[in-house]
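Please read the structure below before turning to the comments.
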Amino acid sequence: MLITINDFTELFNKGGMEITPPQYERFAAYAKLLVEWNEKINLTAITDPEGIAQKHFFDSVYPFTLAPLPEGARVIDVGTGAGFPSCPLKIMRDDIDLTLLDSLNKRIKFLETLSGECRLDAQCIHARAEDGGKRSDLRESFDIACARAVAPMYILSEYCLPFVKVGGAFYALKGSGGSDELTEAKEAIKRLGGKTETVKEYTLPNGDGRTLIVIRKVSPTPAKYPRPKAKIVR
């Protein structure tokens, strides 16, 4: 289900990250659950051991070494799907307080199982991002919101920034075209109370291009946001 501990350790070392045997065991349990549940519900197209290690686990954790999170940060992963990027991050950074939000109840069931078996202690919430961002218990209450490959940056910003408290940040993990998406989203980010802080382009060990975008929350998000997706697109 996962590459050997030696190969996994070598992979993470390429990103300057150290893996302990207990962390590897949790990643191996994650990979096993991912493959097993993927036979019942559509979680991922990547199910080979090397792909899971690099394109899911390394790809989820490495960006947070480029712009590290504060100790004990309260994190929400918006549209998390199979738990990426925050569940691999939680394995590496057990200090964070993690909330997982997804619109599909079947995925929430997987995430609850994953949280229990991999000892993530995550809160799993079944809700659309545009609905969750209006909830008083969630709105502007997180240090960090993160998302990987959920939607174009102008939509993603409206999904995620309402969750972030002023002074916190939104981490967007994008592909090689992330900078172009950011250009299209700049006006939306400003309206939502955000300011671009970090843009870092990098490659995975296999050569795939990636972009990390960090948006700092500098003022409260106006009450009318987030809007329904159809309105955002228009």
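Observations
- In segment 135-159, the residues that are crowded, with 17+ Cβ neighbours inside 10 Å and among the charged types (D, E, K, R): Arg139, Glu140, Asp143, Arg148, Glu158
- Flag for Asp102 being more than 14 Å from the chain's Cα centre (by Cα) and more than 26 Å from Ile3 (Cβ to Cβ): no
- For segment 1-45, the set of residues classified as more than 18 Å from Met92 (Cβ to Cβ), surrounded by fewer than 18 Cβ atoms within 10 Å (Cβ to Cβ) and in contact with a helix residue (DSSP H, G or I) (Cβ under 7 Å, 6 or more places away or on another chain) consists of Met1, Ile41, Thr44, listed by residue number.
- From the options Ile189, Ile144, residue that is modelled with pLDDT of 95 or more and touching a Ser or Thr at 6+ places or on another chain (Cβ under 6 Å): Ile189
- In segment 46-74, the qualifying residues are those that are among the hydroxyl-bearing types (Ser, Thr, Tyr) and in a loop (DSSP other than H, G, I, E, B), and the one that is surrounded by the most Cβ atoms within 10 Å (Cβ to Cβ) is Tyr62.
- Test for Ser86: is it closer than 17 Å to Arg119 by Cα, modelled with pLDDT of 95 or more and among the hydroxyl-bearing types (Ser, Thr, Tyr): yes
- Within segment 192-228, the set of residues being of a type in the set (Ser, Thr, Tyr) and surrounded by fewer than 13 Cβ atoms within 10 Å (Cβ to Cβ) comprises Thr203, Ser219.
- Any hit, segment 100-108, residues being surrounded by fewer than 23 Cβ atoms within 10 Å (Cβ to Cβ), among the hydrophobic types (A, V, I, L, M, F, W, C), in contact with a helix residue (DSSP H, G or I) (Cβ under 7 Å, 6 or more places away or on another chain) and at pLDDT 95 or above: no
- Cβ-Cβ under 7 Å pairs, at least 6 apart or on other chains, segment 28-45 side closer than 18 Å to Thr80 by Cβ, far side of a type in the set (Val, Ile, Thr) and assigned to a helix (DSSP H, G or I): Ala31/Ile52; Leu33/Thr113; Leu34/Ile52
- Restricting segment 1-45 to residues that are part of a loop (DSSP other than H, G, I, E, B) and of a type in the set (Ser, Thr, Tyr) leaves a set whose member that is modelled with the lowest pLDDT is Thr44.
- Flag for Ile232 being touching a residue at least 12 places away in the same chain (Cβ under 8 Å) and under 19 Å from the mean Cα position of the chain (by Cα): no
- Test: Ile96 is over 25 Å from Thr9 (Cα atoms) and surrounded by 15 or more Cβ atoms within 10 Å (Cβ to Cβ): no
The values are calculated or read from the model by the stated rules, or taken from the named source; none is laboratory data. No experiment lies behind these values; they were computed from the predicted model shown. Reconstructed Cβ throughout: ideal geometry from the backbone, glycine too, with neighbour counts over all protein chains shown.
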